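Have a look at the structure below before the remarks.
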Amino acid sequence: MSSRLLRLAVISTVAGAFSGLFGVGGGTVIVPLLILWLGYQEHEATGTSLAAIGLIAIFGSLVQGLFGNVDVLKGILIGLPAVAGVIVGTSLQQRVPGRALSGIFAVLLVVSAALIVF
């Protein structure tokens with residue numbers, strides 16, 4: 001197995017574990033590691049992550065559902081407006097330089113972590 005494929009396997013395994021544990025994985029694991037380990041540009045890493053999240057979300061929802069942790073109605077109520085948000089967000093992302101995206105994303109992660117801890 002090539003080094004690149006091994007890194008992709010590690011990224012996807014960690015993202016899947018984080019998705020199951022915390023409900024996150026794409027933005028917090030896949031995007032940064034695709035950029036840092038595999039040299040993806042920010043826009044490509046984001047798009048690739050979104051493609052992977054669809055599959056991760058389906059299986060994660062099914063397994064969480066087996067444990068009784070899924071409120072389907074609330075999931076739909078959250079998901080429908082999120083579709084509009086992803087369309088707007090993707091349109092905005094195309095206008096922002098990759099380096100700026102990384103900076104904005106890093107600040108968001110740090111602030112989010114601080115709010116959770118404190």
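The values are calculated or read from the model by the stated rules, or taken from the named source; none is laboratory data. Everything quoted here is computed from the prediction, not taken from an experiment. These accessible areas exclude ligands, DNA and RNA; they are computed on the full protein's heavy atoms, side chains included. Shrake-Rupley method; radii C 1.70, N 1.55, O 1.52, S 1.80 Å.
How big is the convex hull of the Cα atoms of the range 52-97, per residue, in Å³?
77
When LEU38, LEU21 are compared by accessible area at a 1.4 angstrom probe, the order from most to least is LEU21, LEU38.
The share of Cα pairs per 5 Å bin across the range 27-81, counted from zero up to the longest distance, runs 4, 18, 19, 18, 15, 13, 9, 3 percent.
Of the complete DSSP H runs in the chain, those spanning 20 angstrom or more by Cα along the long axis with a mean Kyte-Doolittle score not below 1.6 are 72-93, 98-117. Using heavy atoms of the protein chains and a probe of 1.4 Å, the accessible area assigned to ARG7 is about 100 Å². Scaled to the globular estimate 2.2 N^0.38 Å, the Cα spread of the range 14-57, given as radius of gyration, is 1.04. For the chain, with all protein chains in place and a probe radius of 1.4 Å, 75% of the accessible heavy-atom surface sits on carbon or sulfur.
The alpha-carbon positions of the range 1-100 define a convex hull whose volume is 99 Å³ per residue.
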